[in-house]
Amino acid sequence: MWEVVRDEVRALTAHPAFPGNTIGNEIPASIVRWHGRRKLERFLERLYWAAKAEDPQCLVTYVNYPSTEYLQLSFLDFACFNVYLESQNCLDAYLARLHNIAGDRPLVMAEV
């Protein structure tokens, strides 16, 4: 698995229009609960370091979503979320929350 991550990073980061690498997308909350939060966090961190081993300068993230926002992924270069909210007021309020979760890292909304 680690070789796949390194191969993808090697192939993609050479392109000048490629902004960064995503090591995963929306692991379902039921899977996180089944395996445990810390185990999933460690798994994602190992994927992160596999990408960085190939290209230390590449930007790496995981695309999270509201039902697993509690994952502690401070090792990521930027925070990334998919959010589907029907009203502008709800989106505004949740965006403020995501800025708190992101802390000092940039926040990217992957799907809105």
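Tabulated data for the structure shown
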{"quantity": "Residue that is farthest from LYS39 (Cα to Cα) [pool: residues in region 84-106 that are modelled with pLDDT of 90 or more and in contact with a Phe, Trp or Tyr (Cβ under 7 Å, 6 or more places away or on another chain)]", "calculated": "PRO106"}
{"quantity": "Given (1) open to solvent by less than 50 Å² (accessible area, probe 1.4 Å); (2) in contact with a helix residue (DSSP H, G or I) (Cβ under 8 Å, 6 or more places away or on another chain), number of the condition GLY20 does not satisfy", "calculated": "(2)"}
{"quantity": "Matching residues, region 26-71, being closer than 21 Å to LEU91 by Cα, part of a helix (DSSP H, G or I) and open to solvent by less than 10 Å² (accessible area, probe 1.4 Å)", "calculated": "THR68"}
{"quantity": "Only listed residue being within 18 Å of ASN25 (Cβ to Cβ), surrounded by 18 or more Cβ atoms within 10 Å (Cβ to Cβ) and in contact with a helix residue (DSSP H, G or I) (Cβ under 6 Å, 6 or more places away or on another chain), chosen from PHE75, PHE81", "calculated": "PHE81"}
{"quantity": "Residue tally, condition more than 21 Å from the chain's Cα centre (by Cα) and loosely packed, with under 10 Cβ neighbours inside 10 Å, over region 85-100", "calculated": "4"}
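The values are calculated or read from the model by the stated rules, or taken from the named source; none is laboratory data. Not measured: the values here are computed from a predicted model. We place every Cβ from the backbone using ideal geometry, glycine too, and count neighbours over all the protein chains shown. The accessibility values were calculated without ligands, DNA or RNA, using every heavy atom of the protein model including side chains. Shrake-Rupley method; radii C 1.70, N 1.55, O 1.52, S 1.80 Å.
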